[in-house]
Structure formats: structure tokens, C-alpha cells
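Student: Before we start, here is the structure in question, set down as C-alpha cells.
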Amino acid sequence: MGKVLIVSDTHGSKDRLKDVIKREKPFDLLVHCGDLGFSESDLMVMADTPVYAVAGNTDYCFDLSPMVLFDYSGHKIFVSHGHPYHVDYSLDNITYRAEELGADIVMYGHTHVPCLKEINGITILNPGSLERPRQAGNEPTYMVMETEIDKKCEIVLKKYTF
């Protein structure tokens, strides 16, 4: 069994992220879906655990990959900020890319709006934003994914409360 903390669109702000990390510990892995606004090494120090982070459309000053593909607890996970796939308009392009890569879970950001759905057998998720939420109510959000040995996983959207 494992636990993954999933965040996105912190845009340089660290206070809420540090608080979420403290609240959710212990976890095995932290995934940041882009627009960090700081370096991946800063994120690794904060999390004190393995980190996967991708470049968002505002992360041009940092040396981050535009996408990451990794295996975790029996799942192949594809992470992208989402802007190269035009997620503002449709999830089709990012879903097609996940199919090409053989991924069964896609994590993305960019829209600042939480999303959790299944398309063509692929779990597609966006944790929203801790700093600049755009969904109704404008509540900061993140996600936690817990996996079981038999590849089952539970993904929960959490609201950041002050």
C-alpha cells in the first residue's frame, strides 16, 4: 500500500504547500503538476520524500521536464502540466497521449480546477490549485492517492482549510 500527495499550480507560494505536506505525512511520493514557481530541489527539501515535478507554462526559469512517465504500485502514471495538450478546452489530446504511452493514470494541472474522471479506462485527475483556485467557491485543493497491493487505488480531492 502506498500514498501519493498530488498538488499543482502553487505559483511560488510555499506556505500552504508546506502545511499540506505536514498534514498529509507520511506519504511515499509527492507529484507536482506544474507551475511550481520554485525549483524541484526546493520541493524535494520541503517534502523530504521522492518527488516528480513537471514544468508548467510559467516555470521557464527552472530546469523541469515538460512531462514525466513513471511506474508506481502497479500503475503507469503520466504527468504533464497540461497546457501542451490544450486541457483548457478538452481532455482528448492528453487522453490520446496517455493511450500512446500505455499510462492508466494521468495527472495534470494548468486549469486550476479540480477534475477526477475516467476516460477509456484511464483515470484522469487534476488536483486544482493551492494558491489560485478557479472553480466555484475558489477553495484551494489538492489530491491524495492511496494504492492497494492489488492495483486498486482511491483518489480523494481535499480542500485546504485554514
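Student: Treating only the Cβ atoms of Lys and Arg (+1) and Asp and Glu (-1) as charged, compute the dipole magnitude of segment 94-162 about its Cα centre; round to the nearest 20 debye.
Tutor: On the way: 8 positive and 10 negative charges, 69 e Å.
So the dipole magnitude of segment 94-162 works out to roughly 320 debye.
Student: If a/c stays under 1.5 just call it rounded; otherwise compare a/b with b/c (prolate if a/b is bigger, oblate if not). Do that for segment 105-162, with a ≥ b ≥ c from the square roots of the Cα gyration tensor eigenvalues. Write out the running numbers ahead of the final one.
Tutor: Numbers: a/c = 2.98, a/b = 1.65, b/c = 1.80.
Cα axes put segment 105-162 in the oblate bin.
Student: Quick one: which of K14/K76; K14/K159; K25/K159; K18/K152 span more than 23 angstrom between C-alpha atoms? Please list the in-between numbers first.
Tutor: Details: K14/K76 29 Å; K14/K159 17 Å; K25/K159 16 Å; K18/K152 28 Å.
Too far apart for the 23 Å limit: K14/K76; K18/K152.
Student: Same structure, new question: Whenever you get a sec, compute what percent of the accessible area on the chain sits on carbon and sulfur atoms (1.4 Å probe). Before the final figure, lay out the partial values.
Tutor: On the way: 3720 of 7650 Å².
Here carbon and sulfur together make up 49 percent of the probe-accessible area.
Student: What distance in nm lies between label points placed 7 Å from Cα along the C-beta direction at V156 and L101?
Tutor: It works out to 2.7 nm between the two label points.
Student: Still on this structure: With a Cα-only, solvent-free Debye model of segment 1-73, what are the log10 I(q)/I(0) values at q = 0.14, 0.15, 0.16 Å⁻¹?
Tutor: Debye intensities relative to I(0), on a log10 scale: -0.39, -0.44, -0.51.
Student: Hey, what number do you get for the chain at 222 nm if only DSSP H runs of n ≥ 4 count, each worth -39500 (n - 2.57), divided across all residues, to the nearest 500? Walk me through the intermediate numbers first.
Tutor: Working: 3 runs with 28 residues, N = 162.
Calculated mean residue ellipticity at 222 nm is -5000 deg cm²/dmol.
Student: With every protein chain kept in place and ligands, DNA and RNA left out, what is the accessible area per residue of segment 1-98? Probe 1.4 Å, answer in Å². Numbers along the way, then the final one.
Tutor: Working: 4390 Å² over 98 residues.
With the other protein chains kept in place, segment 1-98 gives 45 Å² per residue.
Student: Nearest 5 percent is fine: what portion of the DSSP beta bridges confined to the chain is antiparallel? Intermediate values should be presented prior to the final figure.
Tutor: On the way: 23 of 37 bridges.
The antiparallel fraction comes to roughly 60 percent.
Student: Please state the equivalent ellipsoid semi-axes for the chain: what are the square roots of 5 times the Cα gyration tensor eigenvalues, largest first, in whole Å? Don't skip to the end; give the middle numbers.
Tutor: Numbers: eigenvalues 86, 67, 49 Å².
The three semi-axes for the chain are 21, 18, 16 Å.
Student: Tell me, what is the percent relative contact order of the chain, built from C-alpha pairs under 8 Å that lie six or more residues apart? Present the calculation step by step, with values, prior to reporting the outcome.
Tutor: Working: 391 pairs, mean separation 37.6, N = 162.
It comes to 23 percent, rounded to a whole number.
The values are calculated or read from the model by the stated rules, or taken from the named source; none is laboratory data. Just so you know, these numbers come straight off a predicted model, no measurement behind them. Glycine also receives a Cβ, built like all others from the backbone with ideal geometry; neighbour counts cover every protein chain displayed. What goes into the accessible areas is simple: the full protein's heavy atoms, side chains included, and nothing from ligands, DNA or RNA. Shrake-Rupley method; radii C 1.70, N 1.55, O 1.52, S 1.80 Å.
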